[in-house]
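Quick notes on the structure that follows.
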Amino acid sequence: MKKILIIDDDPSICKILGKFLQKSGYEVVTALSGKQALLLLKKQSFHLVVCDYNLGDINGLEVLSKINSLYPQTIVIFISGYGNIQTAVDLVKEGAFHFLTKPLYPDIILKTIEEALSQKKPEKEKSQSKPKQQVNQDKYVKGNSASAKKLFKHVALVAPTDYSVIIHGETGTGKEALARLIHEQSKRRSQNFVAIDCGSLSKELAASELFGHMKGAFTGALQDKKGAFEIADGGTIFLDEIGNLSYEVQMYLLRTLQEKSVRCIGEVKEKVVDVRVIAASNEDLYEKVRQKSFREDLYHRLNEFKLEVPSLCERIDDLPLLVNSFISQAEVQLDKKIKGLSVQVKELFYHYSWPGNIRELQNVIKRACLLTEDGAQIEADSLPLEITDFSEMNKSQQPVELKNVILEAQKNEIIRVLEKVNYNKTKAASLLKIDRKTLYNKLKEINL
Ligand SMILES: Nc1ncnc2c1ncn2[C@@H]1O[C@H](COP(=O)(O)OP(=O)(O)OP(=O)(O)O)[C@@H](O)[C@H]1O
């Protein structure tokens, strides 16, 4: 019989849910506090734990990390009266199976438990741990093009230092992937790499995400939250689309970088942090400084070194390496063999403009591999229309040699006049204001 531990500081939930699960065929133990649960967990193991996130004494994340270290195979489902998406995301990242909001519906909780017990425990997301970084580096393509070589020469120089770096490049050129590579090549590699997408954070959320908050600091701050700077302590923080931060948050950020300490929202004390910052933008940050939407002092603080990531078209010589790498990845994911690109597809790839850069190439290959039969070659009919249409459009707009344009115009006019004068060459030459000999030469030149 599978053993379930229910942890909730509400006795009625423990009682009702416990009875229901017992009737459904499970052995149930209940705990009314986090501390009581930890004592129970020290003595016995459970197949599954249903845990209220807001326990009176310790918070759900602490319980989860304890379970993860004591019994990595135990599945944890969280329940909470507050449907906070960020909390749910954080818990799932830490390895929780699911996050259910109260009120609890018996059929839903039973279905979730059955589903959870029928599969293996989801692995804790390793985005900040070493194994994923190594996998990432395995798949990373440096390239041999002149622009890639120049970029990686600079990366090799700056990575081992503690310099702040600004990475500038079009969307999808691999700015975040490059920031991870810099972290992996630095002495901070065994510590956390924390990536924050400043472009998707609201003004209110940004400060709390970056610097953390204390319980009750503002409406909705239901528990203490560590900020990205604290999580990245000793490691690297990657601030993507930094140009989107509000002026006020830019000011906090500058202070954090200058003082090398962080103050949570609602906290009086500062905490010393040692974090390297890598910021990225696909806009020209200095232009934003000129337009007064980005603080000049912060810009100079971040700009200890700047890397320009080339667009895919600027490093088109790396296309075969990137394509091979993405095909290999798709082969593993789809469990099939792909025999590379047909000649036509290669042509199309070299002529396309790749506005979405490496990300677009990666997606195009993924899609094409899915559409291609096992053992076959990728053909043009498995490419998206924007690539095949782009080539058609370009063909019709191919520049024509100027002398041919002139010849074509002369040919048309000579034919028109000859038809008008019933192919009398003397009359035609006179109307065209050329002598007969010139007309004969022209007729020869235009194959008439
Ligand atoms: N050199 C590379 N080798 C292999 N894959 C790469 C490389 N560069 C980027 N990628 C892949 O391309 C995709 C886009 O990369 P990434 O997210 O780093 O781009 P970005 O410039 O940060 O994008 P955005 O501007 O939209 O934030 C990712 O899936 C990444 O793994």
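Odds and ends about this structure:
- Some residue of segment 302-312 being within 16 Å of the ligand (Cβ to nearest atom) and either of a type in the set (D, E, K, R) or surrounded by fewer than 16 Cβ atoms within 10 Å (Cβ to Cβ) (or both): yes
- Some residue of segment 183-191 being in contact (Cβ under 8 Å) with a residue 60 or more places away in the chain, surrounded by 15 or more Cβ atoms within 10 Å (Cβ to Cβ) and not in a helix (DSSP H, G or I): yes
- Residue count for segment 259-298, restricted to those that are in contact (Cβ under 8 Å) with a residue 12 or more places away in the chain and in contact with a helix residue (DSSP H, G or I) (Cβ under 7 Å, 6 or more places away or on another chain): 20
- The number of residues in segment 325-362 being surrounded by fewer than 15 Cβ atoms within 10 Å (Cβ to Cβ), within 16 Å of the ligand (Cβ to nearest atom) and part of a helix (DSSP H, G or I) comes to 4.
- Remark: pairs (first residue in segment 93-115, in contact (Cβ under 8 Å) with a residue 12 or more places away in the chain; second residue assigned to a loop (DSSP other than H, G, I, E, B); Cβ separation under 6 Å; 6+ apart in sequence or on different chains) = Lys93/Glu125; Glu94/Lys124; Gly95/Lys124; Thr101/Gly83; Lys102/Gly81; Leu110/Ser24.
- Residue in segment 163-180 that is in the same structural domain as Gly234 (by TED's automatic domain parsing), in a loop (DSSP other than H, G, I, E, B), more than 10 Å from the ligand (Cβ to nearest atom) and at pLDDT 95 or above present: yes
- Filter result (of a type outside the set (A, V, I, L, M) and at pLDDT 95 or above) within segment 262-276: Asp274, Arg276
- Checked against (1) in contact with a strand residue (DSSP E or B) (Cβ under 9 Å, 6 or more places away or on another chain); (2) free of Cβ contacts under 8 Å to residues at least 24 places away in the same chain; (3) charged (D, E, K, R), Lys153 passes all but a single condition, namely (1).
- For Leu21, the test of being free of Cβ contacts under 8 Å to residues at least 40 places away in the same chain and outside any loop (DSSP other than H, G, I, E, B) is failed.
- Residue check for Ile237: in the same structural domain as Val194 (by TED's automatic domain parsing), among the β-branched types (Val, Ile, Thr) and closer than 22 Å to Val155 by Cα: yes
- Single residue of segment 208-260 satisfying the filter (within 25 Å of the chain's Cα centre (by Cα) and β-branched (Val, Ile, Thr)) that is surrounded by the most Cβ atoms within 10 Å (Cβ to Cβ): Ile242
- Among residues of segment 229-253, those that are within 18 Å of Asp162 (Cβ to Cβ), aliphatic (A, V, I, L, M) and in a helix (DSSP H, G or I), counted: 1
- Pairs with Cβ under 9 Å, 6+ apart, first in segment 343-371 and in the same structural domain as Tyr140 (by TED's automatic domain parsing), second surrounded by fewer than 16 Cβ atoms within 10 Å (Cβ to Cβ) and in a loop (DSSP other than H, G, I, E, B): none
- Condition check for Val141: within 12 Å of the ligand (Cβ to nearest atom), loosely packed, with under 15 Cβ neighbours inside 10 Å and either modelled with pLDDT of 85 or more or within 26 Å of Ala228 (Cα to Cα) (or both): no
- Checking each residue in segment 261-284 for being surrounded by 14 or more Cβ atoms within 10 Å (Cβ to Cβ) and under 24 Å from Gly169 (Cβ atoms) picks out Val275, Arg276, Val277, Ile278, Ala279, Ala280, Ser281, Asn282, Glu283.
- Verdict on Val194 being under 29 Å from Gly356 (Cα atoms) and in a helix (DSSP H, G or I): no
- Selection count where residues are in a loop (DSSP other than H, G, I, E, B) and under 19 Å from Gly56 (Cα atoms), scope segment 199-215: 2
- Just one of the numbered conditions (1) of a type outside the set (S, T, N, Q); (2) in a helix (DSSP H, G or I); (3) more than 13 Å from the ligand (Cβ to nearest atom) is not true of Phe218: (2).
- Exclusive hit being within 16 Å of the ligand (Cβ to nearest atom), out of contact with any strand residue (DSSP E or B) (no Cβ under 6 Å at 6 or more places or on another chain), closer than 25 Å to Ala88 by Cα and touching a residue at least 40 places away in the same chain (Cβ under 8 Å), set Leu201, Leu239: Leu201
- Meets criteria (surrounded by 14 or more Cβ atoms within 10 Å (Cβ to Cβ) and either part of a helix (DSSP H, G or I) or outside the structural domain of Glu170 (by TED's automatic domain parsing) (or both)) for Lys433: no
The values are calculated or read from the model by the stated rules, or taken from the named source; none is laboratory data. Fair warning: this is a prediction, and the values are worked out from it, not measured in the lab. All Cβ positions, even for glycine, are placed from backbone atoms using ideal geometry, and neighbour counts span all protein chains on display.
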